[in-house]
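Reading through the structure tokens given below for one structure.
The values are calculated or read from the model by the stated rules, or taken from the named source; none is laboratory data. Nothing here was measured: the structure is a model prediction, and the numbers come from that model. Backbone-built Cβ (ideal geometry, glycine too); neighbour counts: all protein chains shown.
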Amino acid sequence: MTKYITLGLLLFSLPMSWFLTAENLVTDTSANEEKAKKLIQQVDDMYRSTASRATMTMRVQTPNYERSMTMESYTIGEEKMLIRILAPKKERGISTLKLDEEMWNFFPKINKTIKVPPSMMMGSWMGSDFTNDDLVKETSLTDDYALSLDESGEIYVITLIPRAQTVTVWDKIIIKMNKENYTPIEQAFYDEKNRKVRVMSYREPKQFGGVILPSVLEMVPLNKKGHKTLVLYDKLELNAEGVEEDLFTLRSLKRRLR
Amino acid sequence: MLVAKLAFRNIFRQRRRSLLTGLSMGGGYILLALTISLVEGSYNNIINIVTTDHTGHVQIHKENYLERPGIFKTLSRGSGIETLLANEPSVRSWAPRIYGVGLGYGDEKSAPLSIVGIDPVMERNTTSIFGKVREGNYFSDPVNSDGYYSVMIGYGVADMLKLSIGDEIVLISSGADGSIANDIYRVGALVGSRDSYEKMTVYLPLEAAQDFFSMKGKVHEYAVMTSHPSEAWKLTAVLSAIIDDPLVTVSPWQVVEATFYKSMEADKQGNKVTMGIVVFLICIGVLNTVLMSVLERTKEFGVMLAVGTNRLMVMAMIILEIVTLGLLSCAIGFLLSLPLLYWFTHVGITMPQPIDMGGVIYDTMVGEMGAAIFIIPVVIIVGSAAAVSFIPAIRAALITPLDALSDR
């Protein structure tokens, strides 16, 4: 169970982080939500101790271009993340630092660190189908959504509905999970007209240091024809040594890649 | 023949009246010729400024780039368009371009900018950009030792980002491959003025822009020059035919600068009203004189009719009189307007307050000379005078000899 959560966190903290904020959930007495909460609590504790290091390839497909980037990422907990692009050469060294709900990009060519302003949060991250918000706001997104767990089918279906005061572009998020091993299957985002706007699916489970995790994430925006972003995990180290707190600073962000 | 002779003689019978009528017609001629000359001259001047400043006579784009520009609507430099342009005899020169927007950073400040990639040599041969360099050198230096390209910036950019020649400017935008375009450039020149339309523009050498926007070998636009702006439609048709690709759009400057062209056409209509008023005043003067002369010669016409002159001949004589007078006045007006128009064409009036027409600064009012400019007023003046003199002519033709002679 824990394994899957860890992966989610590694990547943009998007996939599973709804688990992680159980303490913020409005306590519901219904049995299944209690169960979900318990589950989440456990996962949350496990997760907080995790530091990770990963190498991944991101493939962006659009009708106009296709490109591929190799990058490495470091995470501590869900609040801290550093991503560095390794290839292609043109973009080598471009880095993104996320600290809590703030985010900076560093461009080595021009030696500039640029904070991503709130207005750019729904903008694309490095030309992919992930938004900056996917990297940053996920925590608060889960804080601000009401959970409901449906166990009746062959799989778990968890529906997230934003609370009244929540500022978000999603009207509903539906997460599907396998029942027997708690693997995530897909996460679907709905807009205010209840249209499915984008889907993220988890595929190709692989062994990473004794843990089996989906190694491919696929984000498909349904409102943009021909667009797709794939993230493939090449290497993944959990509880990685050497990933320290001081890696996640603006000074560290500006360190150049050799 | 007799009618013509009579008409001609009649003109000189009342010299003072003929002189006055002639003056109003001759004056009208000069006024009309001058107006037409100035209108045509000014507009051709502005069109020249607009087309050579930036637009060119004809532009080539991918699909509907003009209405809905997009970074992906590109033409490939190797697609054969360039060969066709090079081989088309009516194409004088052409220049490839890339357009984009981005954020520019100076030392402390940042500002949104428009980024234009141009081929230094071809652009110089096509538009007047070289002449707009106010400070620094036009793309003279290639990539410097640090690998920075030299770029040209508008005055607005220089002011906002506090940049001067030799400073570094950082540009950030998004590339055609989805990457984040970011690079440092060196300011090599300042172009235009503080009010010119390129004030918030950064000009990059084409290859630097292609590299920046990750669009190697691609351009957004070709600006093409032919011999004269008036040839634009013709060249558009020629190029459309030889390129023969439904995905490539060829547009003349009248389409590219549609707003400017339409406001110019509207202004021309306004000028026609002014000319109409001039013609109307002339007509009233002519009508007045002819009516007077007919009235004065009532007896004379009575005699003519009494001795058996055809009524139509009387009419023809009166109209011929005025037409002859009109032609004479126009001839004199022509001689007088010749030096005037010559001066306007070659010297012109420098306006105390330059007019900004859609971003194009227009400061000298010049005229134009040409056969049409001298002939059109003749047609208008003689034609309207003749038309107006129909009324008195009919009146004269309808005189009853008895009434006329008995002085009743």
- Message: Residues that are surrounded by 20 or more Cβ atoms within 10 Å (Cβ to Cβ) and at pLDDT 85 or above, at least 2 per element: which strands (runs of 3 or more DSSP E) completely within region B:108-183 meet that?
- Response: B:110-118, B:149-154, B:168-174
- Task: Looking only at region B:258-280, decide whether some residue is over 30 Å from the mean Cα position of the chain (by Cα), more than 30 Å from B:Pro89 (Cβ to Cβ) and of a type in the set (S, T, N, Q).
- Result: no
- Message: Can you tell me how many residues within region B:168-205 are under 25 Å from A:Asn105 (Cβ atoms) and either within 14 Å of another protein chain (Cβ to nearest Cβ) or of a type in the set (Lys, Arg) (or both)?
- Response: 19
- Please verify whether region A:190-198 includes one or more residues that are of a type outside the set (Lys, Arg) and touching a residue at least 60 places away in the same chain (Cβ under 8 Å). no
- B:Ala208 fails exactly one of (1) in contact (Cβ under 8 Å) with a residue 60 or more places away in the chain; (2) away from every other protein chain (no Cβ under 14 Å); (3) more than 28 Å from the chain's Cα centre (by Cα), namely (2)
- Task: Evaluate region A:67-80: report whether one residue or more is touching a Ser or Thr at 6+ places or on another chain (Cβ under 8 Å), within 13 Å of chain B (Cβ to nearest Cβ) and surrounded by fewer than 17 Cβ atoms within 10 Å (Cβ to Cβ).
- Result: yes
- Query: Are there any pairs with C-beta distances below 6 angstrom linking a residue in region A:121-133 that is over 17 Å from A:Glu101 (Cα atoms) to a residue that is among the polar types (S, T, N, Q) and not in a loop (DSSP other than H, G, I, E, B), with the two at least 6 apart or on different chains, and if so which?
  - Reply: A:Ser128/A:Thr229; A:Asp129/A:Thr229
- Task: Output the qualifying pairs, or none if there are none: Cβ atoms under 6 angstrom, residues six or more apart or on different chains, first residue in region B:34-62 and in a loop (DSSP other than H, G, I, E, B), second residue at pLDDT 85 or above and not β-branched (Val, Ile, Thr).
- Result: B:Gly56/B:Ala223; B:Gly56/B:Met225; B:His57/B:Met225; B:His57/B:Pro229; B:His57/B:Ala232; B:His57/B:Trp253
- Residues of region B:66-107 that turn out to be assigned to a loop (DSSP other than H, G, I, E, B) and within 14 Å of chain A (Cβ to nearest Cβ), as a count: 7
- Report the residue count in region B:52-91 for those that are surrounded by fewer than 17 Cβ atoms within 10 Å (Cβ to Cβ) and in contact with a Ser or Thr (Cβ under 8 Å, 6 or more places away or on another chain). 4
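Across region B:286-339, what is the total count of residues that are β-branched (Val, Ile, Thr) and under 12 Å from B:Ile394 (Cα atoms)?
Restricting attention to region B:286-339, the residues satisfying the condition of being β-branched (Val, Ile, Thr) are B:286, B:289-290, B:294, B:298, B:303, B:307, B:309, B:314, B:318-319, B:322-324, B:332.
Cutting the leftovers down to under 12 Å from B:Ile394 (Cα atoms) gives us B:290, B:294, B:314, B:318-319.
The total comes to 5.
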- For region A:30-66, which residues satisfy the criterion of being in contact with a helix residue (DSSP H, G or I) (Cβ under 7 Å, 6 or more places away or on another chain), hydroxyl-bearing (Ser, Thr, Tyr) and either modelled with pLDDT of 85 or more or surrounded by fewer than 20 Cβ atoms within 10 Å (Cβ to Cβ) (or both)? A:Thr50
- Note on the structure: Matching residues in region A:88-103 (under 15 Å from A:Asp134 (Cβ atoms) and within 11 Å of another protein chain (Cβ to nearest Cβ)) number 1
- Which one of these is farther than 30 Å from B:Met264 by Cα, of a type in the set (Ser, Thr, Tyr), assigned by TED's automatic domain parsing to the domain that holds B:Val286 and in a helix (DSSP H, G or I): B:Ser337, B:Ser384, B:Ser389? B:Ser389
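Name the residue, out of A:Asp171, A:Asp129, A:Asp150, A:Asp191, that is more than 27 Å from B:Tyr105 (Cβ to Cβ) and within 14 Å of another protein chain (Cβ to nearest Cβ).
Working: A:Asp171 fails: within 14 Å of another protein chain (Cβ to nearest Cβ); A:Asp150 fails: within 14 Å of another protein chain (Cβ to nearest Cβ); A:Asp191 fails: within 14 Å of another protein chain (Cβ to nearest Cβ).
Answer to the selection: A:Asp129.
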- Among B:Leu31, B:Leu19, the single one that is in a helix (DSSP H, G or I) and free of Cβ contacts under 8 Å to residues at least 60 places away in the same chain is B:Leu19
- Kindly indicate whether any position in region A:122-136 is in a loop (DSSP other than H, G, I, E, B), among the small types (Gly, Ala, Ser) and farther than 24 Å from A:Val220 by Cα. no
- Item | Tally, over region B:194-242, of residues that are surrounded by fewer than 22 Cβ atoms within 10 Å (Cβ to Cβ) and touching a Leu at 6+ places or on another chain (Cβ under 6 Å) | 2
